[in-house]
1. Please go through (1) over 25 Å from residue 227 (Cα atoms); (2) in a helix (DSSP H, G or I) for residue 28 and return the number of the only condition it doesn't satisfy.
2. Please determine whether any residue of segment 38-47 is within 13 Å of the chain's Cα centre (by Cα), within 15 Å of residue 211 (Cα to Cα), surrounded by fewer than 24 Cβ atoms within 10 Å (Cβ to Cβ) and in contact (Cβ under 8 Å) with a residue 60 or more places away in the chain.
3. If residue 180 meets every condition in (1) modelled with pLDDT under 85; (2) crowded, with 17+ Cβ neighbours inside 10 Å; (3) in contact with a strand residue (DSSP E or B) (Cβ under 8 Å, 6 or more places away or on another chain) apart from one, which number is that one?
4. With the condition kept exactly as written, say whether any residue in segment 1-23 is more than 16 Å from residue 140 (Cβ to Cβ), modelled with pLDDT under 95 and not in a helix (DSSP H, G or I).
5. Across segment 54-85, which residue is surrounded by the fewest Cβ atoms within 10 Å (Cβ to Cβ) among those that are touching a Gly at 6+ places or on another chain (Cβ under 8 Å) and over 16 Å from residue 26 (Cβ atoms)?
6. Hey, does segment 96-110 have a residue that's within 27 Å of residue 204 (Cβ to Cβ), surrounded by fewer than 18 Cβ atoms within 10 Å (Cβ to Cβ) and not aliphatic (A, V, I, L, M)?
7. Of the numbered conditions (1) of a type in the set (D, E, K, R); (2) touching a helix residue (DSSP H, G or I) at 6+ places or on another chain (Cβ under 7 Å); (3) at pLDDT below 95, residue 107 satisfies every one except a single condition; which is it?
8. Being surrounded by fewer than 21 Cβ atoms within 10 Å (Cβ to Cβ), in contact with a Phe, Trp or Tyr (Cβ under 6 Å, 6 or more places away or on another chain), of a type in the set (D, E, K, R) and at pLDDT 95 or above is true for just one of 164, 136, 203. Which residue is that?
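The values are calculated or read from the model by the stated rules, or taken from the named source; none is laboratory data. Computed from a predicted structure; not experimentally measured. Positions of Cβ are generated from backbone atoms using ideal geometry, with glycine treated the same way; all protein chains shown enter the neighbour counts.
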Amino acid sequence: MTGRVFAVASGKGGVGKTTTAVNLAAVMAEADRSVVLVDYDLGMANVGAVLDVEPAEATLHDVLAGDADALDAVAEAPGEFDAMVGGTDIEDFGRADPSKLREVAEDLREEYDVTIVDTGGGLSHDTTVPLGLADDVLLVSTPQVAALENTAKTLDLVERVGGDVEGLILTRVGGAAVDVDEAVERVDAPLLGTIPEDGAVADSEAAGEPLVVYAPENPAAQSYRELGYELLGESPPVSFRDGDEDGEVSAGAAFAEVADEQAEADNESLLSRLTGGRLG
């Protein structure tokens with residue numbers, strides 16, 4: 001049985017596409033799948049900028065230029081998955097042949113349960129290749145009108161190249177001003193999930209880790225976890241909900257319990273000082 005290929009796409013940059021690809025890779029690895037993340041933004045490769053990836057023998061650009069085999073460009077990434085990072089020199093872009101991605105994808109299908117392709121932002125000839133070869137295309141957009149309009153164009157492109165859109169992921173959602181129903185109407189694709197605005201995203205990228213590894217209990221991390229497991233047709237582990245089957249609480253619940261105990265102790269200490277120890 002060959003692996004499944006997801007392409008993560010957006011109509012423009014800056015909407016959280018790479019963040020989504022990175023965190024879905026980590027979640028699916030957490031779900032005991034072998035996963036490889038491919039940085040296919042040939043002009044502006046940036047997975048290496050947000051993820052502390054071990055250096056490989058080659059880059060994706062080397063592979064697409066015919067100078068290396070696919071697995072030569074695979075390296076370990078934080079989160080128990082592998083990554084294929086692109087080159088960052090302008091010369092790399094000129095020598096890469098986008099059509100060779102089909103061969104790369106077939107090689108990776110044989111080695112991994114899941115291949116996640118982080119496509120380039122916007123519409124170009126390069127982006128049509130992963131959109132057509134993926135089993136499922138995941139559209140990523142913020143709720144802003146301009147971003148949604150560009151995402152709708154990406155949806156049209158996917159259909160023109162014979163690709164299959166799994167649905168829409170809305171990122172940086174927050175506040176009453178966001179009309180999720182209107183966003184879905186503009187793109188005309190099933191809503192797969194919403195990711196709330198979360199300041200820890202920038203912190204995790206600065207640390208070179210997926211958010212689901214850096215701050216697993218944070219709201220956006222929880223949303224990515226639910227989305228990743230849903231795409232695999234599974235439910236998130238109980239330990240990331242209220243508690244596991246053996247009665248152990250999650251890290252977030254444990255932290256809250258410790259915080260409550262500390263607050264209670266602080267109140268008792270204050271009462272003791274105020275009453276000379278007679279009441280506390």
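1. Looking at each condition in turn, residue 28 falls short on (1).
2. So far as segment 38-47 goes, yes, one or more of its residues are within 13 Å of the chain's Cα centre (by Cα), within 15 Å of residue 211 (Cα to Cα), surrounded by fewer than 24 Cβ atoms within 10 Å (Cβ to Cβ) and in contact (Cβ under 8 Å) with a residue 60 or more places away in the chain.
3. Of everything listed in (1) modelled with pLDDT under 85; (2) crowded, with 17+ Cβ neighbours inside 10 Å; (3) in contact with a strand residue (DSSP E or B) (Cβ under 8 Å, 6 or more places away or on another chain), residue 180 misses just condition (2).
4. yes
5. In this case the residue turns out to be 62.
6. Within segment 96-110, not a single residue is within 27 Å of residue 204 (Cβ to Cβ), surrounded by fewer than 18 Cβ atoms within 10 Å (Cβ to Cβ) and not aliphatic (A, V, I, L, M).
7. (3)
8. Selected residue: 136, the only one of 164, 136, 203 that is surrounded by fewer than 21 Cβ atoms within 10 Å (Cβ to Cβ), in contact with a Phe, Trp or Tyr (Cβ under 6 Å, 6 or more places away or on another chain), of a type in the set (D, E, K, R) and at pLDDT 95 or above.
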